[in-house]
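The values are calculated or read from the model by the stated rules, or taken from the named source; none is laboratory data. Given the structure is predicted, the values throughout are model-derived calculations rather than measurements. Cβ sites come from the backbone with ideal geometry, for glycine too, and all protein chains shown count toward neighbours.
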Amino acid sequence: MPKRTSDQTVQNKETSPKEVDENLFRFEGNQTDRLKENADSSDSEESYYSGLESESETSDDDDDDDEQDSNSGEEATSGNESSSDSDNYEKNDDGNVTEKYNSEPNKNEEDVVKKKVKESVDEDNTSDEEDACNTIGNIPVEWYNEYPHIGYNLDGQRILKPATADELDQFLSKMDDPNYWRTVQDKSTMKEVVLSNEELDIIDRLQNSKFPSAGYDPYEPYVDFFTGKKMIHPLTNAPEPKSRHIPSKWEHKRVIKIVRAIRNGWIKPRKDEKTDKPRYYLIWDKDDNQAKPRHNMHIPAPKMKLPGHEESYNPPPEYLPTKEEIAVWEAMDPDERPQNFLPKKYSSLRLVPAYNKFIQERFERCLDLYLCPRQRKMRVQVNPEDLLPKLPRPKDLQPFPSTESIVYKGHTGVVRCLAVDPTGQWIASGGDDKVVKFWEVCTGRCLKTLQCGGTVNSMAWNPNSFLMLLAIAVEHKVVIINHYLGCKELCETTDKLFAIPIGEAEKESGVQWSVAIGEDYRNGERLVLKHSKVISQITWHGKGDYLASVVPQGGNKSVFIHHIPKRRSQCPFKKSKGLIQRVLFHPTRPFLFVATQRFIRVYDLIKQEQTKKLVSNVKWISSMAVHPKGDNLIVGSYDRRLCWFDLDLSTKPYKTLRSHKKALRQVAFHRHYPLFASASDDGTVIVCHGRVFNDLMQNPLIVPVKVLKGHRVEGELGVVDCQFHPNQPWIFTAGADHLIRLYT
C-alpha cells in the first residue's frame, strides 16, 4: 500500500475518533484512479502492495527526521494543503508518473493516529496470550526458579523477577493495605494484581455455582430459525457453483499420475507374504495341523442339581410337608427358603400339571450362564479336625468349679467387691448398700455387718495369715479393719501394730492418716486414710506391709503406696501417662504393674524406672490379674476381650479370647491351681485352664473348660466381681442381682 501524504493524515482537531478511524484507511477517489493508471502503465511485474516491504525499513528513519524537523514539518504541511494535486506526483527516469510522498509528517498528529489505531486493535483483541507481556508461552513457571528472570518480552529482553517482600513486609501490608485481601500474584510476571469489583463478582458467582456473567439468562425464549410455516422466499438465493456440475480437474490429474506410475512399474501390487516352514522340528511332536481347542482356558458351566425324591410326583410320605411347615415356608423370604417349591403327591403322572415356574427358572439359568464369572478352584482334601489345635478334653483337666453350691443372700444393692480370707474360712463383701458383710464360707451364715456410710468400691484382705486386717475403699477414704473373727491372740497381735504414733511426713503426700476412736474403734476400725478423690481400687503387697490405692481422677497423684507399719504414704509417679485403671504388685519381685486405658507399664520400684510397656490392643482396660509365678498376666477390657501376656515372650498379647458377649468386669488367677476366670456383664463366668510350663520353649496351654451361669442381668450389669478360694478349686461371684454365689 503506498504511503499517505500529510494532507491525507492530518484531520481537523474537532473530528471525532470514530471519523479519524474511518478516514485513516480511506483513499480519495482521484488518487485511487491515478494509482490504477500507474499500475496499468508500468512494465514491471511487482505487486501492487510491494511498497509495504520497504515501509518498515524507512519507518525508523522517518521517526528520527520527524523529531529533528518538527517545525519544518508543520510549515510543509500547511504548504501542501494549499498546493494542487499535481505537486504530489513526479516523473521517473522511465517516464512513468508516480506519486510523490512526503517523508516528514507531523509527529504529534501521527502519534494521535497511532494511539487510536492501537486502542482499536486492543479492543478487538481479547486473547490472554497476546495481552501478556511475558512471551514464554504456556509452560510451567517453575522452570525459571533457578534463574533471576521470569521470561522474555516482545523485544527478546529478559524480564527480571520483581523483589519479593519478606514476612515483616507482608505482615505490614496485610495490616495497612486495604486491598490486601483482593490482591493476587500473577504467575507469569510475578507481580501483584488487585482484583476489580467485576472480577470479585465473577469469583463469587462461580463459588456459588452461578453463571459468571450476571446478565446471562440461561432460560431465554428459544427462537427457532426454521419455522413450521412455509415461506415465500428461500433462505438463500445463491446459485449453484459450476464446480458441482463438471468433473474435478485436479482429481483427473491425480488419477492420470497414478495410472502412469502403475504402467511404468513404479507402483507394484502387494504380494501375499508366505511364511517359510521351520527347518528344524520335532519328529515325534504332535501335528500342528491338528485342530486346537478354541479356548484353552474354557471352563464348562456347572451342571444343574439333579432332582431328588422330594421332586417326585409320588414322593414318600416323610417328604410331604405338614400344615405348620407350609405356613413357615410361606412366611419365609423367597431368598431364604431351602427350596423354591413344595412337594406334592399325585396318584399318576398324567395328573401332574404344568410347572408354572419353568420359564422363570430357565431365564435365571441363562442369566447365570452368561453373567456370572467362572473360576477354577483347586479343592484340597483336608480333614477339618486337622485344622483345629489338639486340646485336651475338659474332663482330663479337672478339678475346676462347675456346680453352684451356696448362695449368700443379705445385700440390698449391687455387690461391687469380694475379698477372701487367706485361710479360706471367711469372705467379705460390699456394694451399693453401704455395708460390709462377713460370711462363713462353708455354712453361708452372715457373721458380722459393718455400716460404712458410703459405697464400697473395693476391698482386699491382707495376704499375711498372722494379721487379721481387711482394707476397704469407701468412696474417697481407705479404712483398715481388724474384724475379730479369728483367734484372739492373732487379733491382739494385730492391734499392737497400731500402737505406733502417726508421723508428720504423711501430710505432705496428700493423704491424711487418722486413728479410729470411739464407736468406730469398737466396730473394728483402726486406721483411716483420706484421699482427695474417689478411690477405685486397693491392693496389698505379697508380704502384707504395703498397700496401693488408685485414684483415677487424681491427675499426677493417681497412685499412692502406703507403708502400714510406719504410717507413711508416697506417690511414686510425678506425672501420670494416662488415666490409670488398675495397679498390681509383682508376687516375687519389686515390680509394679500400672494399667492405663490401653497400655500396661511395668516399673521397677528399686531402680525407679520403667522396664516394659505392654500393648493390649484393646480400647479400654477394665481389670488385671498376675499369675502367681509372675511371668504371665491377663487383662480384661470393656470391649469383650481377654488378653494373655507372656512377659518373657513379647510385649503384645500371646492370645486373645473373645468368649463373652458383653464387657468384662473382673479377671482372677487361682493361687495353686492352673485356673483363671473372667466375669462379664452378660451374666456368665468363664473358667479356663491356664497351665504355665517351666520349660521356656513351651507356650502356655489355655483351654476354656466351663461356663458358669446363674446371675441375672439388671441395669446392664451382670457379674461384677469374682475371686478364687485360696486353697480349693472354688470360685465366688458377686452380681448385680444382690447375690453372692459359690461354685465348686
| Counting only residues that are part of a strand (DSSP E or B) and of a type in the set (Ser, Thr, Tyr), which one in region 699-744 is surrounded by the most Cβ atoms within 10 Å (Cβ to Cβ)? | Thr733
| Residue check, Leu647 farther than 23 Å from Val720 by Cβ, surrounded by 20 or more Cβ atoms within 10 Å (Cβ to Cβ), modelled with pLDDT under 90 and among the aliphatic types (A, V, I, L, M) | yes
| Any residue in region 356-376 that is in a loop (DSSP other than H, G, I, E, B), aliphatic (A, V, I, L, M) and surrounded by 11 or more Cβ atoms within 10 Å (Cβ to Cβ)? | no
| request: Identify the residue in region 223-276 that is modelled with pLDDT under 90 and of a type in the set (Phe, Trp, Tyr) and, among all such residues, is surrounded by the most Cβ atoms within 10 Å (Cβ to Cβ). | output: Phe226
| said: Any residue that is of a type in the set (A, V, I, L, M, F, W, C), crowded, with 16+ Cβ neighbours inside 10 Å, in contact (Cβ under 8 Å) with a residue 40 or more places away in the chain and closer than 19 Å to Glu609 by Cα - is there at least one of those in region 572-581? | reply: no
| request: Kindly check whether there is at least one residue in region 618-627 that is surrounded by fewer than 20 Cβ atoms within 10 Å (Cβ to Cβ), over 26 Å from Tyr743 (Cα atoms) and without any contact (Cβ under 8 Å) to a residue 60 or more places away in the chain. | output: yes
| said: Here is a check on your reading of the model: is Phe438 surrounded by 14 or more Cβ atoms within 10 Å (Cβ to Cβ), assigned to a loop (DSSP other than H, G, I, E, B) and in contact with a strand residue (DSSP E or B) (Cβ under 8 Å, 6 or more places away or on another chain)? | reply: no
| task | Would you check if Arg567 is surrounded by fewer than 18 Cβ atoms within 10 Å (Cβ to Cβ), of a type in the set (D, E, K, R) and in contact with a Gly (Cβ under 7 Å, 6 or more places away or on another chain)? | result | no
| said: Condition first: in a loop (DSSP other than H, G, I, E, B), of a type in the set (D, E, K, R) and more than 15 Å from Ser616 (Cα to Cα). Now tell me which residues in region 635-694 satisfy that. | reply: Asp648, Lys661, Lys662, Arg671, Asp681, Asp682
| remark: Within region 452-468, restricting to residues that are touching a strand residue (DSSP E or B) at 6+ places or on another chain (Cβ under 6 Å) and within 18 Å of Tyr521 (Cβ to Cβ), the one that is surrounded by the fewest Cβ atoms within 10 Å (Cβ to Cβ) is Cys452
| said: Which pairs turn up if I take residues in region 235-262 that are among the small types (Gly, Ala, Ser) and look for partners that are surrounded by 10 or more Cβ atoms within 10 Å (Cβ to Cβ) with beta carbon separation below 6 Å, at least 6 apart in sequence or on another chain? | reply: Ala261/Ile267
| task | For region 600-612, state whether one or more residues are crowded, with 21+ Cβ neighbours inside 10 Å and part of a loop (DSSP other than H, G, I, E, B). | result | no
| request: Out of the residues in region 162-195 that are more than 24 Å from Asn138 (Cβ to Cβ) and small (Gly, Ala, Ser), state the one that is surrounded by the fewest Cβ atoms within 10 Å (Cβ to Cβ). | output: Ala163
| field | Condition check for Gly151: under 28 Å from Ser196 (Cβ atoms) and either acidic (Asp, Glu) or modelled with pLDDT under 90 (or both) | value | yes
| message | Criterion first (modelled with pLDDT of 90 or more and not hydrophobic (A, V, I, L, M, F, W, C)) does Ser465 satisfy it? | response | no
